[in-house]
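One structure is given here, and the rest of the page talks about it.
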Number of protein chains: 2
Amino acid sequence: MNSNGLSTHLSMETLHGSLTDPAISSMNLLNELIDEYPVAISMAAGRPYEEFFDIRLIHDYLDAYCEHLRRDRKVDEAGVTRALFQYGTTKGIIADIIARNLAEDENIDAAPESVVVTVGAQEAMFLVLRTLRADERDVLLAPAPTYVGLTGAALLTDTPVWPVRSTENGIDPEDLVLQLKRADEQGKRVRACYVTPNFANPTGTSMDLPARHRLLDVAEANGILLLEDNAYGLFGAERLPTLKALDRSGTVVYIGSFAKTGMPGARVGYAVADQRVAGGGLFADQLSKLKGMLTVNTSPIAQAVIAGKLLLNDYSLTKANVRETAIYQRNLHLTLAELDRRLGGLAGVRWNTPTGGFFVTVTVPFVVDDELLAHAARDHGVLFTPMHHFYGGKDGFNQLRLSISLLTPELIQEGVSRLAALITARLG
Amino acid sequence: MNSNGLSTHLSMETLHGSLTDPAISSMNLLNELIDEYPVAISMAAGRPYEEFFDIRLIHDYLDAYCEHLRRDRKVDEAGVTRALFQYGTTKGIIADIIARNLAEDENIDAAPESVVVTVGAQEAMFLVLRTLRADERDVLLAPAPTYVGLTGAALLTDTPVWPVRSTENGIDPEDLVLQLKRADEQGKRVRACYVTPNFANPTGTSMDLPARHRLLDVAEANGILLLEDNAYGLFGAERLPTLKALDRSGTVVYIGSFAKTGMPGARVGYAVADQRVAGGGLFADQLSKLKGMLTVNTSPIAQAVIAGKLLLNDYSLTKANVRETAIYQRNLHLTLAELDRRLGGLAGVRWNTPTGGFFVTVTVPFVVDDELLAHAARDHGVLFTPMHHFYGGKDGFNQLRLSISLLTPELIQEGVSRLAALITARLG
């Protein structure tokens, strides 16, 4: 097909630059590589645990939302049907239910009109960056390493991302001060700083309470927004307040995800954007205008599935995920114990000790690149994620990310054992 | 909330330019205006007919897709559940079913790997424009007037849209030749021309077969893509081949929508992009890379709903929409007859006579702006869409669009009667 002249007009050189950016092409190569070794034990995929998935739940959740419309909101049958079948409002039909969930689980006081329901947290990130990126002066700050979805949204909006130092206590507020100063000196306008205070992807690290307060102070004093991503916050032994719960000045735009806590297949997330825009109402209304041009509205059916899960669990995802959280905690502790058992005391090999979430960072005294991953998959039957993918290929070449969310205890023991064999062979 | 200093940093002047573009703000004002008059008869909303909506169908469609996975694709129960609950592949999980539907209904031969399932046709348009817009030389051509969703996607990608003359026979291929020449002279690179050959929104016009062939020839000779939008093609007495069905040179990217033919609430659409990209495989693969950064993947639950509807109707939306098509045809003919009865022979008042779709264009010898619409809503109890909204507020000030899809015969008779009262009063 397409062997004639026209096809030659479509070449990578004439397409949008994001398509050949090293960050994106490297993730694509990574996924292809992982797909090549389906029998290897995957400590690479950050997907939620599957044992409690049950197809009947989808029907139950839909029914629960419809019943809520009938009983609590006095919607007639035609109205219930129309709510699910027809186009819905751009900002979404379950903002009130999400607001109750945020009050219940996170102590966040979100007005429903400040909530924009999106196609996953990914669309929310895109909308925020697209709204904020007005011209070539605008830059975004983000910890290095950072979530690849943030990198992707920035690429789609031609937004440069400047790295901020990240430690075992999360993003470093003092380095943020330095980066803000540097941006100012270079005539750049920092619109926001992206941050994941709870069990970040990829590192697994969290910020302590003083660091959260300090970060809010720095952002507020400098008039920049904080984009808080909280996809993993639920899955910890200890729960610290989110930045949004601490925010008293409209500094934080909260990016919510139901992918890990609700259901990945619904593809529902949201932004809480209660900032006032001079001449433009709520920031949420501006996000909504752009969403109308991007996806029109989030599928009401998908929204109903998530709302139904919330309704059947008293608006609490903490309650809905009691079993899952226990499994993630068990897996995390087991992974750390197995790392200690297999690799403890080995010179130059260390790992961090997150208290929740899906991820552990392992540091080794040799290069971790995609070639090593291919070798690990082929010769040791274990998969992980080289950390350089989260640095856009510019750093992190002696670290790897382990994911613990999808595995059984037996697979974790075997997976760490295989990883240890790889590492000791390299050191040998 | 947010009464402190920070909020002042967010002002419309420092946000992305699309947010204050006249095309978008005018559509927003229009929607607000329409919401203000809920009791008026709306000949403004282009939504599908609701009488056959039935909440049980959602369950039936989900079940049908799951059964298809079990029976036809031999997927085990864990696999079926995972397909709906878990993240899916970025290009979508129902590409093969869409390909069979295109063969069945449109005589289009689409390889499943050239299909990218999207969050409605709107995301497909965004992805195509984002992929094609590499630098400031790139422009898009589109008929004037044009669908507002196309204007929106262009604004989000900073893509200038150059108008091409449109007649009762759709976009004018000879004016396309002129515009291509003009673009070349100005150092611009035309990447594509957007076109809706069947019952276009907003005009209701269609292209005849010679015009389709001529358009394909012009595009192929000039090495530009045609973006074919076919949201309404099913709803006509006569069915002409789509551009994609006639395409032998990979000139056409086909944008598919299930909003009118499947279910708006699923928010599922797709692109067929079988072009080869030098150094990058299929064009569909490039769209998919960007989709991964925008919405990750289209909700598998929403995809399953659409797939189920196709499976229960032998892959044919023509078959699935027999009753709806009859109603749209009845409504269209009744609207035209009522216009004739109420306004026939009135000097300067005329309308076109589409043979399918949702829309009729009425031309009057006075200004049709939002002020007139407010007057019509308040004093005559009827709503329509001023055509200038589809020209980005730059033209069309003596035309209006009537939508016929959502009404009963009684409401059409009363609506046209009220419209006639407004028009005759104006001509007074």
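The values are calculated or read from the model by the stated rules, or taken from the named source; none is laboratory data. Bear in mind the structure is a predicted one, so any value in this text is a computation, not a measurement. When we count neighbours, we look across all protein chains shown, and the Cβ atoms used for this are built from the backbone with ideal geometry, even at glycine. Calculation scope for accessible area: heavy atoms of the full protein, side chains included, ligands and nucleic acids excluded. Shrake-Rupley method; radii C 1.70, N 1.55, O 1.52, S 1.80 Å.
Key figures
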{"quantity": "Residue tally, condition open to solvent by 10 Å² or more (accessible area, probe 1.4 Å) and either more than 15 Å from residue A:229 (Cβ to Cβ) or assigned to a strand (DSSP E or B) (or both), over the range A:136-179", "calculated": "23"}
{"quantity": "Subset tally (residues that are assigned to a helix (DSSP H, G or I) and either more than 9 Å from every other protein chain (Cβ to nearest Cβ) or in contact (Cβ under 8 Å) with a residue 12 or more places away in the chain (or both)) for the range B:290-304", "calculated": "9"}
{"quantity": "Within the range A:258-268, considering residues that are assigned to a loop (DSSP other than H, G, I, E, B) and small (Gly, Ala, Ser), the one surrounded by the most Cβ atoms within 10 Å (Cβ to Cβ)", "calculated": "A:262"}
{"quantity": "Test for residue B:45: is it surrounded by 14 or more Cβ atoms within 10 Å (Cβ to Cβ), within 11 Å of another protein chain (Cβ to nearest Cβ) and in contact with a Ser or Thr (Cβ under 8 Å, 6 or more places away or on another chain)", "calculated": "yes"}
{"quantity": "Among (1) within 30 Å of residue B:133 (Cβ to Cβ); (2) within 14 Å of the chain's Cα centre (by Cα); (3) among the acidic types (Asp, Glu) - the single one residue A:228 does not satisfy", "calculated": "(1)"}
{"quantity": "Residues within the range A:305-337 that are basic (Lys, Arg), surrounded by fewer than 22 Cβ atoms within 10 Å (Cβ to Cβ) and either within 14 Å of another protein chain (Cβ to nearest Cβ) or touching a residue at least 12 places away in the same chain (Cβ under 8 Å) (or both), tallied", "calculated": "2"}
{"quantity": "Test for residue B:426: is it in contact (Cβ under 8 Å) with a residue 40 or more places away in the chain and open to solvent by 70 Å² or more (accessible area, probe 1.4 Å)", "calculated": "yes"}
{"quantity": "Test result for residue B:294, open to solvent by 10 Å² or more (accessible area, probe 1.4 Å) and within 29 Å of residue A:125 (Cα to Cα)", "calculated": "no"}
{"quantity": "Residue check for residue B:385: open to solvent by 10 Å² or more (accessible area, probe 1.4 Å) and closer than 22 Å to residue B:357 by Cβ", "calculated": "no"}
{"quantity": "Residue A:13 without any contact (Cβ under 8 Å) to a residue 12 or more places away in the chain, part of a helix (DSSP H, G or I), away from every other protein chain (no Cβ under 11 Å) and under 30 Å from residue B:135 (Cβ atoms)", "calculated": "no"}
{"quantity": "Residue among B:414, B:371 that alone is free of Cβ contacts under 8 Å to residues at least 24 places away in the same chain and among the charged types (D, E, K, R)", "calculated": "B:371"}
{"quantity": "Selection count, the range B:342-388, where residues are in contact with a Pro (Cβ under 8 Å, 6 or more places away or on another chain) and not small (Gly, Ala, Ser)", "calculated": "11"}
{"quantity": "Filter result for residue A:51 (at pLDDT 90 or above, loosely packed, with under 14 Cβ neighbours inside 10 Å and under 30 Å from residue A:414 (Cα atoms))", "calculated": "yes"}
{"quantity": "Matching option when the condition is open to solvent by less than 50 Å² (accessible area, probe 1.4 Å), closer than 24 Å to residue B:260 by Cβ and over 23 Å from the mean Cα position of the chain (by Cα), among B:61, B:87", "calculated": "B:61"}
{"quantity": "Options B:255, B:224; residue that is under 17 Å from residue B:164 (Cα atoms), in the same structural domain as residue B:277 (by TED's automatic domain parsing) and either open to solvent by less than 10 Å² (accessible area, probe 1.4 Å) or touching a Phe, Trp or Tyr at 6+ places or on another chain (Cβ under 6 Å) (or both)", "calculated": "B:224"}
{"quantity": "Test: residue in the range A:272-281 that is more than 10 Å from chain B (Cβ to nearest Cβ), surrounded by 24 or more Cβ atoms within 10 Å (Cβ to Cβ) and touching a residue at least 40 places away in the same chain (Cβ under 8 Å)", "calculated": "yes"}
{"quantity": "Lone qualifier among B:133, B:82, B:100, B:73 - being open to solvent by 40 Å² or more (accessible area, probe 1.4 Å), within 11 Å of chain A (Cβ to nearest Cβ) and modelled with pLDDT of 95 or more", "calculated": "B:82"}
{"quantity": "Matching entry among A:368, A:360 (being part of a strand (DSSP E or B) and either open to solvent by less than 10 Å² (accessible area, probe 1.4 Å) or among the charged types (D, E, K, R) (or both))", "calculated": "A:360"}
{"quantity": "Where residue A:30 falls short, out of the listed (1) outside the structural domain of residue A:160 (by TED's automatic domain parsing); (2) without any contact (Cβ under 8 Å) to a residue 12 or more places away in the chain; (3) crowded, with 16+ Cβ neighbours inside 10 Å", "calculated": "(2)"}
{"quantity": "Sole residue being among the acidic types (Asp, Glu) and within 30 Å of residue B:380 (Cα to Cα), chosen from B:72, B:54, B:35", "calculated": "B:35"}
{"quantity": "Qualifying position, being away from chain B (no Cβ under 14 Å) and touching a strand residue (DSSP E or B) at 6+ places or on another chain (Cβ under 6 Å), among A:350, A:342", "calculated": "A:350"}
{"quantity": "Residue B:287 vs. criteria in contact (Cβ under 8 Å) with a residue 40 or more places away in the chain, out of contact with any Pro (no Cβ under 7 Å at 6 or more places or on another chain) and open to solvent by 10 Å² or more (accessible area, probe 1.4 Å)", "calculated": "no"}
{"quantity": "Single residue of the range A:165-179 satisfying the filter (closer than 18 Å to residue A:396 by Cα and among the β-branched types (Val, Ile, Thr)) that is farthest from the other protein chains (Cβ to nearest Cβ)", "calculated": "A:167"}
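Residue-wise test of (1) part of a helix (DSSP H, G or I); (2) within 12 Å of chain B (Cβ to nearest Cβ); (3) of a type in the set (Ser, Thr, Tyr); (4) under 30 Å from residue B:309 (Cα atoms).
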{"position": "A:33", "(1), (2), (3), (4)": "yes, no, no, no"}
{"position": "A:59", "(1), (2), (3), (4)": "yes, yes, no, yes"}
{"position": "A:63", "(1), (2), (3), (4)": "yes, yes, no, yes"}
{"position": "A:87", "(1), (2), (3), (4)": "no, yes, yes, yes"}
{"position": "A:96", "(1), (2), (3), (4)": "yes, no, no, no"}
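Residue-wise test of (1) more than 14 Å from chain A (Cβ to nearest Cβ); (2) in contact (Cβ under 8 Å) with a residue 60 or more places away in the chain; (3) outside any loop (DSSP other than H, G, I, E, B).
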{"position": "B:181", "(1), (2), (3)": "yes, no, yes"}
{"position": "B:199", "(1), (2), (3)": "yes, yes, no"}
{"position": "B:227", "(1), (2), (3)": "no, yes, yes"}
{"position": "B:234", "(1), (2), (3)": "yes, yes, no"}
{"position": "B:238", "(1), (2), (3)": "yes, yes, no"}
{"position": "B:248", "(1), (2), (3)": "no, no, no"}
{"position": "B:256", "(1), (2), (3)": "yes, yes, yes"}
{"position": "B:270", "(1), (2), (3)": "no, yes, yes"}
